[in-house]
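Taking it in order: structure first as structure tokens, then the write-up.
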Amino acid sequence: MFYREAGDFSTTYAEDQQTFPIKFDRYRYYLVLFVAIFIVPFVLNDYWVNSLMMPFLIYSIAALGLNILVGYCGQVSLGTGGFMAVGAYSCYKFMTGVDIWWGGELLFRLPEFNIFFAVIMGGVMTAFVGVLFGLPSLRIKGFYLAVATLAAQFFLVWLFNRVSWFYNYSASGQISAPERELFGVLITGPSTTPWAVYLFCLFFTIASAVIARNLTRGAAGRKWMAIRDMDIAAEIIGVNPLKAKLTAFMVSSFFIGISGALFFSVYLGAVEVGEAFGIQKSFLVLFMIIIGGLGSIFGSFAGAAFLVLLPVALKVVGVDWLGWPTDIVAHLQLVIVGLLIIVFLIAEPHGINQLWRVAKEKLRLWPFPH
Amino acid sequence: MKYKLGTMAVAAMMAASPVLADLVFPSMSYRTGPYAAGGIPFADGYADYFTMLNARDGGIGGVMTSVPECETAYNTEKGVECYESLKDTGGLVYQPLSTGITYQLIPKTTADDIPMHTMGYGRTSAKNGEVFTHTFNYPANYWNGASGAINYLLKENAGDLKGKKIALVYHNSAYGKEPIRTLTELGAKLGFELLEVPVDHPGQEQKSQWLQIRRDKPDYVIMYGWGVMNQVAVQEAANIRFPMENFIGIWWSGSENDVLAAGDAANGYKALTFHGVGKDFPVFADIQKYVVDAGKAAGAGDQIGTVLYNRGLYAAMLAAEAAKTAQGIHGVAQITPGQMRDGMEALEMTEEKMAALGLPNFGPSFKVSCQNHGGDGLVGVTQWDATAKTWSLISEFAATDKDLIDGLIAEDSAAYAAENNIEAGCK
């Protein structure tokens, strides 16, 4: 009734192959984009952007990235936090001007990158590092690969703590984003406006989602999925596992790097590697894609929304409305989120995305279910 | 000033925000997570002092106070969320009790014209008020702590530390790294060797660090730890039979929580402090009467008189005194965060004032000015008695190496000013 393909005819291949072949779906997508771009920025305030929208958008990018690796290519990774750190520190180095030293002397210093390109460079550098740490995936898989990526996590955090070049020799070991602007509008620093940072993150989120969606339904994505489903069979039908696995690591790390760069420069403004990009971050993003749905773009968003918004919502209900002590609410929050994760995994192992798919199926038949 | 796209459109919605009636002292507390043992007593002390002011004096200058709490779990992301949500309550001064969150809030609070008090933590160079206009770290900072510990050791060694080996066991974060520079400089000046031993968050696993200490046999160990890291370190030190009287913690490593776990083995452990310990002050009678007996104690009410409770109380007292000062300067009872900042900058704590508040000799007297947001940095040493289960002050509140620290502060704050295009100067 609400949701049907009847009467929706495709007359060209392009129409048939578009991302949302059903008209209703397509309009809903346009509506969401319209609201996100033209309405939300006008009603945002500091609280909404800093506590909800920015973490949601940034974690969505990270979840998209990890979903490509875990959900589409089947390579388990626990190195997300470390890769986000690579993105953040590269972004920092590029936005303050990379200095190259040789034998104790300053060889040269790159000019400071615009924040937009610094974020992109964060992604590019992370893609390199991701490929490097993806190499073991050619030999090992499953839990053993998870352990290998876990090593990446700890190594990268240790590296950024240890080598003071990465944090420009600051005494505290923290990196903090100086004020930077794009087209004359402040993007980083304390005096930014909510709409500007929101739109900046939104741009990266939409671009990542569009790229990820199109990659996953093209040749590259099919190769990843072939590797995921059975790597030997994939190899026999002509998928090069070296290329497929390493491109998955590369693309995945690129997105994770972008999210790490945004996380540091736009969202927090100052980070400390151990605290911001520790192992908890790897697990958090992994939970997002498991809850949202492995191997789905929508699932990445749903999972990120679930884990970012739910704790805040519980806090608002518990502390602000019911007036309970903060520690009890914080403990309850852990219990409720944990419980919901378990319930989800038992009741719907394929995540929120599957719920959404079932709902769509039902809506398609409604009101005559047979 | 910040502006918003479509401000006109939402003006109607904004008008619905609550009318400010209280003096709001938000408490960014952490009662959960690996640092809760330190966060709970501090938050209790902070809340109880204001509860007592409300009940005994009817608030500050006739205006009641309120202390909304927000749980940060010592996590920077939650800290940002808390800051933004507490900002809507009109908070006068923020005390994040976390160096990581402090680093994030220094630029934000400055842009929002809200003062922040980082008492004995945070960015040390915030002492330079010409650069850090909205950040205060009186009465003492980490570098005073480092220098205080060394001065104490100098006194023990008749003024000579040449050839000694001193290990620094530190929380591997912005907090723990703070004293390294000062200790390195002091080492060069006084001729001792510094051994850096980092411990990663949260610090439950320190076997390798203490094995290193056992191997390298330093004469003294200084610790910059927090949360669960402290208990573990004291226990590990006991395990390798490191003499406790040669083990000195910063003030964040010197509470009951940190030593009780190790039992008798912790006897003699020392820690720095910048305020008095114990319950032997008249103000605790008022706390008992107006807060505890009235059933209004924050938390479980079992922390009263502990080291960190006293520190929370001290922070609350300094905030209340600054609010009084601000009310005096501006002649209004209902002050704004901007006026509160002026009050903090003009704050003067004298012995008479503290005696009148029921806290005689509780902390050093100091005077805040635009150039000096950090007080005089007087540091005392306390020692743990495992049989009596009490901390006692074993030295005076003594001065620290002002010349060295001021030089380092000038250098660090100048770097910050250059990085962020801040024009240093007093308004």
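Where a number appears in this text, it was derived from the coordinates with a stated rule and is not lab data. Worth saying up front: this structure is predicted, and the values here are computed from it rather than measured. Cβ placement follows ideal geometry from the backbone for every residue including glycine, while neighbour counts extend to all protein chains displayed.
Points worth noting:
- When B:I101, B:I114 are checked against the criterion of being hydrophobic (A, V, I, L, M, F, W, C) and within 11 Å of chain A (Cβ to nearest Cβ), B:I101 stands alone in meeting it.
- Matching residues, the range A:182-204, being at the interface with chain B (Cβ under 10 Å from one of its Cβ atoms) and part of a loop (DSSP other than H, G, I, E, B): A:G189, A:P190, A:S191, A:T192, A:T193
- Among the residues of the range A:275-295, those that are in a loop (DSSP other than H, G, I, E, B) and closer than 11 Å to A:L66 by Cα comprise A:L294, A:G295.
- Some residue of the range A:16-23 being in a helix (DSSP H, G or I), within 14 Å of another protein chain (Cβ to nearest Cβ) and free of Cβ contacts under 8 Å to residues at least 40 places away in the same chain: no
- Tabulated pairs, the range B:189-200, first without any contact (Cβ under 8 Å) to a residue 24 or more places away in the chain, second among the basic types (K, R), C-beta under 9 angstrom, 6+ apart or interchain: none
- A:G218 passes every criterion in (1) at the interface with chain B (Cβ under 9 Å from one of its Cβ atoms); (2) under 21 Å from the mean Cα position of the chain (by Cα) apart from (1).
- For the range B:291-301, the count of residues that are touching a Gly at 6+ places or on another chain (Cβ under 7 Å) and part of a helix (DSSP H, G or I) is at least one.
- Residues within the range B:149-178 that are in a strand (DSSP E or B) and either on the phi > 0 side of the Ramachandran plot or of a type in the set (D, E) (or both), tallied: 0
- Selection within the range B:55-79: residues that are more than 14 Å from chain A (Cβ to nearest Cβ) and buried (at least 21 other Cβ atoms within 10 Å of the Cβ). The member of this set that is farthest from A:A330 (Cα to Cα) is B:I60.
- Every test in (1) in a helix (DSSP H, G or I); (2) farther than 20 Å from B:G380 by Cβ is passed by B:F242 save one, and that test is (1).
- Among the residues of the range B:382-427, those identified as closer than 17 Å to B:V307 by Cα and surrounded by 22 or more Cβ atoms within 10 Å (Cβ to Cβ) are B:T382, B:W384, B:W391, B:F397.
- Any hit, the range B:255-268, residues being surrounded by fewer than 24 Cβ atoms within 10 Å (Cβ to Cβ) and of a type in the set (V, I, T): no
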